[in-house]
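Report on the structure given below.
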Amino acid sequence: MSKYQLPQEFESLSTEFPKFKYHKTHDAVMINNHDEEQFLHDNFPDEWKDTPAAFGIITAPGPDQVMQRTHGFSFATLKEKTINSQKAIAAANVEKRAK
């Protein structure tokens, strides 16, 4: 048996489950096997999806939320600080070479 091969007793286990299914208006549900997934598919076609994005639901924070979390720290501020830092490092290197 190679060091990357599962023991034989585990070969029948699926890595596909458990997983979540998402609905536009209901909480996500955990699906534990193919039978449960097939039940949703047969009884509620096109209602349960693999990701919330399939419904246009954005789970990442929006720009306003990010700005609140960072107390207004924007990309422009980050860029300015980075440029100023790079200038300071370059000036220090010039000063070292001059000595």
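Per-residue answers, yes or no, for (1) of a type in the set (Val, Ile, Thr); (2) at pLDDT below 75; (3) assigned to a helix (DSSP H, G or I):
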position: Asp46; (1), (2), (3): no, no, no
position: Gln68; (1), (2), (3): no, yes, yes
position: Gly72; (1), (2), (3): no, yes, no
position: Leu78; (1), (2), (3): no, yes, yes
position: Gln86; (1), (2), (3): no, no, yes
position: Ala90; (1), (2), (3): no, no, yes
### Query
Which of the residues that make up region 53-66 are at pLDDT 75 or above, surrounded by 10 or more Cβ atoms within 10 Å (Cβ to Cβ) and assigned to a loop (DSSP other than H, G, I, E, B)?
Ile57
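The values are calculated or read from the model by the stated rules, or taken from the named source; none is laboratory data. As the structure is a computational prediction, the values presented were derived from the model and not from experiment. Because the Cβ atoms are built from the backbone with ideal geometry, glycine has one as well, and the counts that use them run over all protein chains shown.
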